[in-house]
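J.: Quick one: structure below, then a few questions.
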Amino acid sequence: MEKSTNNRSTLRLTVLIASLLGLILTSIFLSRRSVNQIQETSASIYKDRLVPTAIIASLNSKVYQKRLLLESYVLGKTDSGGSVMGSTINRLNRQIDSLLIEYDKTKLTSKEAGQYTLLKQRLSLYNQLEEEITAKLVNQPKEQQALFVGTAHTAFGQVAQTLTELSSLQLTVGERLLNQSRGQANYMYVLTALQIGLVLIVGLNLFWQRY
């Protein structure tokens with residue numbers, strides 16, 4: 001009778017320990033998956049948030065550089081002719097096109113994709129106005145100035161506004177990814193605490209059974 005009781009007790013202990021070990025292994029697996037998710041989130045923050053932010057900053061710089069060059073040309077602050085100025089602006093436009101290609105390779109949300117399409121449209125319009133000022137109105141300074149402070153000024157403001165909105169979207173999405181990473185870290189803490197608790201339970205049961 002005593003032997004049967006011991007056998008049942010040993011069986012229950014074995015089942016309990018096996019169950020606890022199974023839970024520990026499961027929690028370890030979940031921890032590893034959570035670590036992978038944190039790594040993916042960190043990579044996304046760099047690749048799809050920080051890199052595009054740097055690209056937008058470069059785009060902003062190139063666009064304003066073009067505007068300042070055009071201003072100097074139209075207001076007579078430079079001796080460069082229309083062809084020289086046009087060549088300089090074309091070089092900056094090629095650099096802007098390269099930046100846009102790099103930006104297009106990043107992961108964009110639906111809102112970012114919409115703003116990106118709008119940016120390309122507005123840049124195209126502004127580039128046409130620049131070309132008109134530097135090529136078609138070379139010998140018409142009054143018309144150049146009127147176009148520069150009128151339609152071209154409005155088009156430039158729209159381009160700058162779109163770049164600002166893209167920057168704001170980068171911050172919004174980046175903050176969401178950061179909060180997601182924090183949630184995964186908290187989840188890791190809970191799993192770690194569970195693993196420690198399960199190990200303690202197994203240890204106490206072995207100790208209790210032995211003594």
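The values are calculated or read from the model by the stated rules, or taken from the named source; none is laboratory data. Not measured: the values here are computed from a predicted model. Cβ placement follows ideal geometry from the backbone for every residue including glycine, while neighbour counts extend to all protein chains displayed.
J.: Applying the selection to the range 115-165, what residues are of a type in the set (Val, Ile, Thr), more than 26 Å from Ile56 (Cα to Cα) and surrounded by fewer than 13 Cβ atoms within 10 Å (Cβ to Cβ)?
T.: Once the filter is applied, which keeps residues that are of a type in the set (Val, Ile, Thr), more than 26 Å from Ile56 (Cα to Cα) and surrounded by fewer than 13 Cβ atoms within 10 Å (Cβ to Cβ), the range 115-165 yields nothing.
J.: Continuing with this model, one more query. Whether any residue in the range 141-149 is modelled with pLDDT of 85 or more, under 28 Å from Thr53 (Cα atoms) and assigned to a helix (DSSP H, G or I) is what I want to check.
T.: No, the range 141-149 has no match at all.
J.: Quick check: anything in the range 77-85 at pLDDT 75 or above, of a type outside the set (Phe, Trp, Tyr) and either surrounded by fewer than 17 Cβ atoms within 10 Å (Cβ to Cβ) or part of a helix (DSSP H, G or I) (or both)?
T.: Yes; the residues of the range 77-85 include at least one that is at pLDDT 75 or above, of a type outside the set (Phe, Trp, Tyr) and either surrounded by fewer than 17 Cβ atoms within 10 Å (Cβ to Cβ) or part of a helix (DSSP H, G or I) (or both).
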